[in-house]
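The values are calculated or read from the model by the stated rules, or taken from the named source; none is laboratory data. As the structure is a prediction and not an experimental result, all values here were calculated from the model. Please note: Cβ atoms are built from the backbone with ideal geometry, for glycine as well, and neighbour counts cover all protein chains shown. We work out accessible area using only protein heavy atoms, side chains counted, and drop any ligands, DNA or RNA first. Shrake-Rupley method; radii C 1.70, N 1.55, O 1.52, S 1.80 Å.
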Amino acid sequence: MSQTNVQLPYFDELLEQLRKGNPDAIQAFGRHVHWGYWENPDAADGSVADFAEAAERLCRRVCDSGSVGDGLRILDCGCGFGGTIASLNERFSNVQLVGLNIDERQLERARKEVQPRAGNQIDFVQGDACELPFEDASFDVVLAVECIFHFPSRERFFKEARRVLKPGGKLAICDFVPTSFMMPFIKFMDLFVKNSVSQVYGNVNSHYTLGDYQDLAKNTGFVSQIEENITSNTLPTYPVVCRLMRESGNIEAGNITMGADWLGRLGLTHYMILSFDTK
C-alpha cells in the first residue's frame, strides 16, 4: 500500500481542525486518536477533558497488556500523532520507541510533539504495517492501538509482527470485534452503509470475530494470552465524539458513529483488548 492511495477522510478533517487551532479538537485528538476507557462509565461527565484522560487510560491498558517496561524496544504500528509513543516515553526509561504510520502528515505532527526523555530513543517511520521495514527479531513488543481494521490484511500484519518480534516477544492490540452471530447482519448492512462508512473513516474491515483472531494467532506463531471485553468501559466515548463531529459540521460522521454506539450497547460488537505471546 503506497502513500498515494491512502484514504483517511476523518484524519483530513481532524488535521484541518488542528490547523485552525480548534481547542476541542486539540484537547480531544491532538495526542490520541482512539476511544477512551472509564473504570466507572457512570462517572463520565461528557467533557472533552474527561474524554482525553480516558483516551490516555485506554492507551495504557493496551500497552500494559503487552507487558511494556523499561529497557525494551517497542514498535507502535498505526501510531497516529504519536500519543502511544508519548505515553510510553513518559512512563518508562531507556526504551527504544518506534512509531510507524502510512500517513506522513500524521508523522510530521508526531515528530514535533514528542521528544525523548529519560534516556529514551524515539523514531517515527513512514511505512506499511503489512510490510514492516525492520529486521527480524528486532522488537520486544509490537502494538496496534485501534487501527488494525484499516490495515490491508490482518494476516499479513500478524505475520510481519511475528517476524520482527524477538523470542518471547508480545503483540498487543485493541479492536472492534463483532460477535459470530452478528456476522450475517454486518455483511448484509455493508450493502447499504459501506460507502457511507468509507467516506467518513476510510477503508474499514470490521468482519473479524474473536474466533477468527484465535485461529489467526495459531496460524501465525502466536499464543493468545488476553481477551478482554471492555465495551461497557468505552461507551462514554460516543456522545463526546458524536457531539464534536456535529459541531464541526460533519453530521454524517456523527450519525455513523452513533450507529456504532448502538451496536456496542446491544452487545452485537465488542471492543476488545487482545494480547499474544510468541510461541
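How many residues are in contact with a strand residue (DSSP E or B) (Cβ under 6 Å, 6 or more places away or on another chain), at positive phi and open to solvent by 10 Å² or more (accessible area, probe 1.4 Å) when one looks only at segment 76-121?
Final tally of qualifying residues: 1.
List every residue pair whose Cβ atoms lie under 6 Å apart, where the two residues are 6 or more positions apart in sequence or sit on different chains, the first residue falls within segment 130-141 and is in a loop (DSSP other than H, G, I, E, B), and the second residue, located anywhere, is open to solvent by less than 20 Å² (accessible area, probe 1.4 Å) and not hydroxyl-bearing (Ser, Thr, Tyr).
Sorted first by the residue in segment 130-141, then by its partner, the pairs are Cys130/Phe157; Leu132/Val164; Pro133/Gly127; Phe134/Val164; Ser138/Val164.
Contact list please: Cβ distance under 9 Å, first residue in segment 60-74 and without any contact (Cβ under 8 Å) to a residue 40 or more places away in the chain, second residue charged (D, E, K, R) and surrounded by fewer than 18 Cβ atoms within 10 Å (Cβ to Cβ), pairs at least six apart or on different chains.
Arg60/Arg91
What residue, among those in segment 133-158 that are within 17 Å of the chain's Cα centre (by Cα) and among the aliphatic types (A, V, I, L, M), is farthest from Leu210 (Cα to Cα)?
Val141
Which of the numbered conditions does Asn233 fail, given that it passes all the others? Conditions: (1) surrounded by 15 or more Cβ atoms within 10 Å (Cβ to Cβ); (2) at pLDDT 90 or above; (3) more than 22 Å from Ala54 (Cα to Cα); (4) among the polar types (S, T, N, Q).
(3)
Search segment 102-116 for residues being assigned to a loop (DSSP other than H, G, I, E, B) and in contact (Cβ under 8 Å) with a residue 60 or more places away in the chain, and hand back the single one that is nearest to Asp76 (Cα to Cα).
The extreme case among them is Ile102.
Counting only residues that are outside any loop (DSSP other than H, G, I, E, B) and free of Cβ contacts under 8 Å to residues at least 60 places away in the same chain, which one in segment 202-217 is farthest from Met183 (Cα to Cα)? Reasoning before the result, please.
So the first thing to find is which residues in segment 202-217 are outside any loop (DSSP other than H, G, I, E, B), and the list is 210-217.
Now restrict to residues that are free of Cβ contacts under 8 Å to residues at least 60 places away in the same chain: 211-212, 214-215, 217.
Values: Gly211: 12, Asp212: 12, Gln214: 16, Asp215: 17, Ala217: 20 Å.
Out of the qualifying residues, it is Ala217.
Kindly indicate the residue of segment 172-198 that is under 19 Å from the mean Cα position of the chain (by Cα) and farther than 17 Å from Tyr271 by Cα and also modelled with the highest pLDDT among those meeting that condition. Full working, then the answer.
Let us first name the residues in segment 172-198 that are under 19 Å from the mean Cα position of the chain (by Cα), namely 172-178, 197-198.
Filter once more, so that each one left must be farther than 17 Å from Tyr271 by Cα: 197-198.
Values: Val197: 75, Ser198: 80.
Once the filter is applied, the top-ranked residue is Ser198.
Could you tell me whether segment 151-159 includes any residue that is under 30 Å from Ser67 (Cβ atoms), touching a residue at least 60 places away in the same chain (Cβ under 8 Å) and part of a loop (DSSP other than H, G, I, E, B)? Spell out how you get there, then give the answer.
Start the filter on segment 151-159 by keeping residues that are under 30 Å from Ser67 (Cβ atoms), which leaves 151-159.
From the residues that got through so far, the ones that are touching a residue at least 60 places away in the same chain (Cβ under 8 Å) too are 151-152, 154-155, 157-159.
If we keep only those that are part of a loop (DSSP other than H, G, I, E, B) as well, we get 151-152.
Among the residues of segment 151-159, at least one is under 30 Å from Ser67 (Cβ atoms), touching a residue at least 60 places away in the same chain (Cβ under 8 Å) and part of a loop (DSSP other than H, G, I, E, B), which makes the answer yes.
Look through segment 61-75, keep the residues that are open to solvent by less than 10 Å² (accessible area, probe 1.4 Å) and not in a helix (DSSP H, G or I), and return whichever of them is nearest to Leu132 (Cα to Cα). Quick ask: steps written out before the conclusion?
If we filter segment 61-75 for residues that are open to solvent by less than 10 Å² (accessible area, probe 1.4 Å), which is where we start, we get 62-63, 66, 74-75.
Pick out the ones that are also not in a helix (DSSP H, G or I) and you get 66, 74-75.
Working: Gly66: 19, Ile74: 13, Leu75: 10 Å.
Selected residue: Leu75.
Kindly indicate whether Tyr238 is at negative phi, part of a helix (DSSP H, G or I), free of Cβ contacts under 8 Å to residues at least 40 places away in the same chain and crowded, with 16+ Cβ neighbours inside 10 Å. Full working, then the answer.
On the way: at negative phi: yes; part of a helix (DSSP H, G or I): yes; free of Cβ contacts under 8 Å to residues at least 40 places away in the same chain: yes; crowded, with 16+ Cβ neighbours inside 10 Å: yes.
The answer is yes for Tyr238.
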